[in-house]
Amino acid sequence: MPIYQVSQAMCEAARKTIVVTDSSKFGRKTPNVVIPMDKIDILITDTGITDTDYQTLQQHNVQVILV
């Protein structure tokens, strides 16, 4: 079973899904998307995230924590 399928199964079983990623992962042309954005409850990232990406996340009801 590929690792992304394991991640998807864990997200489906979880009460909350928290994603931790650095801002360099946003805006890529070929992202490795494991779960859709609307399945993420909380995203923790650094302050390098763009305003556009931040607003997009909030529009999808994702709580964004900047560190």
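Worth a mention:
- Three semi-axes describe the equivalent ellipsoid of the chain; taken as square roots of 5 times the Cα gyration tensor eigenvalues and ordered largest first, they are 20, 14, 10 Å.
- Placing +1 on the Cβ of every Lys and Arg and -1 on the Cβ of every Asp and Glu, with no other charges, gives the stretch 17-67 a dipole of roughly 220 debye about its Cα centre.
- Ranked by solvent-accessible area (1.4 Å probe, protein heavy atoms only, all chains present), the residues LYS25, LYS16 order from largest to smallest as LYS16, LYS25.
- Portion, in percent, of the accessible area of the chain that falls on carbon or sulfur, probe 1.4 Å: 53 percent
- Computed per residue of the chain from DSSP H runs no shorter than four, each worth -39500 (n - 2.57), the mean residue ellipticity at 222 nm is -9000 deg cm²/dmol.
- Of the listed residues THR56, THR17, THR50, the order by accessible area with a 1.4 Å probe, largest first, is THR50, THR56, THR17.
- Dipole axis of the chain (+1 Lys, Arg; -1 Asp, Glu on Cβ), positive-most option in MET37, ALA9, GLY27: ALA9
- Modelled this way, with points 7 Å down the Cα-to-C-beta line, the labels at VAL64 and GLU12 are 3.0 nm from one another.
The values are calculated or read from the model by the stated rules, or taken from the named source; none is laboratory data. Fair warning: this is a prediction, and the values are worked out from it, not measured in the lab. We place every Cβ from the backbone using ideal geometry, glycine too, and count neighbours over all the protein chains shown. Each accessible area value is taken on the protein alone, full model and side chains, heavy atoms only, with ligands, DNA and RNA left out. Shrake-Rupley method; radii C 1.70, N 1.55, O 1.52, S 1.80 Å.
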